[in-house]
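Each reported figure results from applying straightforward, stated rules to the coordinates on display, with no laboratory input. Because the structure is predicted, anything quoted here is derived from the model rather than measured. Here the Cβ is made from the backbone with ideal geometry for all residues, glycine too, and neighbour counts use every protein chain on show.
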Amino acid sequence: MSRVLLFTADPEYDTRFRKAVHGRLPGEVQTVFEAALPATPDQLLSRSVGTMPTVVVFGPGMDPHVAMRLAGVFDIQRPEVSLVLVVPSDMSLAVAALRAGFRDVLDQDADPDGILGVLSRVCDAAESRRRALPQGALGGVGSYGVPAEPRDDSRVIVVTSPKGGVGKTTIATNLAVGLGAIAPMNTVIVDLDVQFGDVAAALRLAPDHSLTDAVTGPAVDDALVLKTFLTVHPASIYALCTPTNPAEGDLIGAAQITHLLDQLSGQFQYVVVDTAPGMGEHALAALEAATDTVFVTGMDVPGVRGLRKELDLLGELDLVPENVTVVVNAADRSTGLSVQDIEATLRAPVDHVVPRTRMAAYATNRGEPLLQHAPKDKAARQLRALVTSFAPDRPIVRRGIHRKALVRS
Ligand SMILES: Nc1ncnc2c1ncn2[C@@H]1O[C@H](COP(=O)(O)OP(=O)(O)O)[C@@H](O)[C@H]1O
Ligand SMILES: [Mg+2]
């Protein structure tokens, strides 16, 4: 015996729906007349009176973006409830809806037999599924979807530099791709260049969800829901990209970033963070969460001096990270600077020197990480050495001398 909850603002659709199923479907139908979907499954289910519905139908005219997002959350938190989305007759939303977690779709112009056909199929399947679920999984609010114990061995690797255009995104994306081979589906890259982030472009991704979804709404309280907002890249890594609208990124605060990185580090072995140039509030929040920091500079005097200033500033803020890697990127001989010059100005050793290569720039433009596109390229080799330095069998090098050198005395 099924309980069907119809969510709609349209009384005419309610009448049609009830006529179609009345006396022909065992169970009862309850309607909630609201135009906007609530943010979480439990908020939605709390609108129903009496026992839990087995099937929830999202009526015509619901915002598809909100509906899909909520379906993904239902799928994790409330798998015992089956969702149906009423879609326009051209079925343009059908595939996206099924992928998002809806069990079925219903043509909004379907005749009574059509409505009954879909509903009885979904109700039967829902009943079978409920029988198969463990007893404790059914019923009370919040009883399902308890995440596993968060892990505490993860590494949060933050890539930062005072200047733009020095190769942070190139390094962060390749680092994530390389770590994806060490820890497949256990590596995530987060783009914290909230206004002008280009991780999505560098990995040629078209994300359905962005940082905003990850730091607002149901993802905040549930790391498994958060995972549904990540985008999978073929290198077996997840990515969390920036919103397409730069203004949206501005609304994200440092505390939200801190919480996000805490959630992700509880789920993933490696969290790679790309940042905007300089020490904005998001970069500082990331540095506070970092287990490892990769500082990047080009081979130019203003860039190296800028990095020295950044290190001094971090010392003043008591934010000097314990595990530091310094990368000189896009190195070439024509600059008149040597690595020794750079080390002297930085008063710190340089760990990796990544040469300037045509392939590196070409790979960015194609949206294919260099490690995948041209693994034999000279820059790719150095990037691989950087990846290897984070392998689990490598001891974490806590260089006291390095740390002292970084903190201004
Ligand atoms: N080693 C390199 N050789 C050649 N071009 C590079 C190299 N590293 C980065 N680039 C190019 O420099 C530009 C800026 O790099 P990017 O990673 O976006 O810097 P950032 O994130 O610091 O602003 C990109 O077009 C990229 O392809
Ligand atoms: Mg960048």
Grab the beta carbon distance between S120 and R394, set R0 = 60 Å, and tell me the FRET efficiency rounded to 0.05.
0.55
By counting other Cβ atoms within 10 Å of each Cβ, how are T15, T54 ranked from fewest to most?
T15, T54
Mean projected area (nm²) from the convex hull of Cα positions in the chain is 22.1
Long-range Cα-Cα pairs in region 2-137 (distance over 18 Å), rounded percent
50
Mean Kyte-Doolittle of at least -1.0 plus a Cα span of 27 Å or more along the axis: flag which DSSP H helices in the chain meet both, please.
112-132
Counting only residues 5 or more places away or on other chains, whose amide H sits under 5 Å from the amide H of L37 once H atoms are built in the peptide plane?
D63
Cross-link reach from K376 to aspartates and glutamates, straight Cα distance under 16 Å and at least 8 residues apart if same chain, gives E368
Choose one of Q195, P321, L175: the residue whose Cα lies farthest towards the positive end of the charge dipole of region 155-406 (beta-carbon charges +1 Lys, Arg; -1 Asp, Glu; about the Cα centre).
L175
Ordered by packing density, taken as the mean number of other Cβ atoms within 10 Å over each peptide's residues, highest first, how do 236-242, 85-91 rank?
236-242, 85-91
Check V57: other-chain or 5+ apart residues with amide H under 5 Å from its amide H, H built from backbone geometry?
L5, L6, F7, V84
Residues H373, H282, sorted so that the one with the fewest Cβ neighbours within 10 Å comes first:
H373, H282
Going down the table (K168/K378; K163/K378; K168/K309; K227/K309), which pairs top 29 Å between alpha carbons?
K227/K309
